[in-house]
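All remarks here apply to the structure that follows.
What follows draws every value from the coordinates through simple rules; no lab data is involved. This is a predicted model, so every value here is computed, not measured.
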Amino acid sequence: MITNRSEGDGAKLEALAARPASRNAPQGPKAASKTKIRPRHVKQGQRTPSKQDRVLAMLRQKDGTTTPALMKATGWQQHSVRGFLSGVVRNKLKLKLVSTKVGDQRLYRIVDKAPAKADGRRTKRQPA
């Protein structure tokens with residue numbers, strides 16, 4: 001028995017042509033749009049604050065902030081917050097990060113200058 005394969009192949013080709021190129025490819029009238037949607041509270045020309053901006057603003061407060069507060073504000077885990085404080089704040093940005101323990105929690109804050117020693121000595125030796 002001879003069958004006409006052209007009918008079946010044509011239907012397959014039409015089905016393949018109707019499929020999007022990729023499963024993640026945008027579809028519909030907004031697919032070609034390159035504009036980004038911004039939150040309503042952000043005006044034209046402004047950008048939304050990044051997580052780094054939010055953390056630095058919390059650290060610059062007079063009272064500072066705690067690790068759980070930073071975790072809640074960013075959605076990061078505890079080790080990620082500590083890594084950010086060490087790697088970005090101290091090493092990359094070269095900011096003076098002060099840590100004080102109050103009760104069970106540790107407060108972190110950024111200060112402009114290093115606190116002076118109580119006896120007035122310098123922290124580094126002077127050349128002779």
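Data table
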| read-out | value |
| --- | --- |
| Tensor-based shape of segment 51-111 (alpha-carbon gyration tensor, a/c under 1.5 rounded, otherwise prolate or oblate) | rounded |
| Relative contact order (percent, whole number), segment 51-111, Cα cutoff 8 Å, 6+ residue spacing | 39 |
| Karplus-derived HN-Hα couplings along segment 45-53 (A = 6.51, B = -1.76, C = 1.60, θ = phi - 60°), whole Hz, x at Gly and Pro | x, 9, 10, 6, x, 7, 4, 4, 4 |
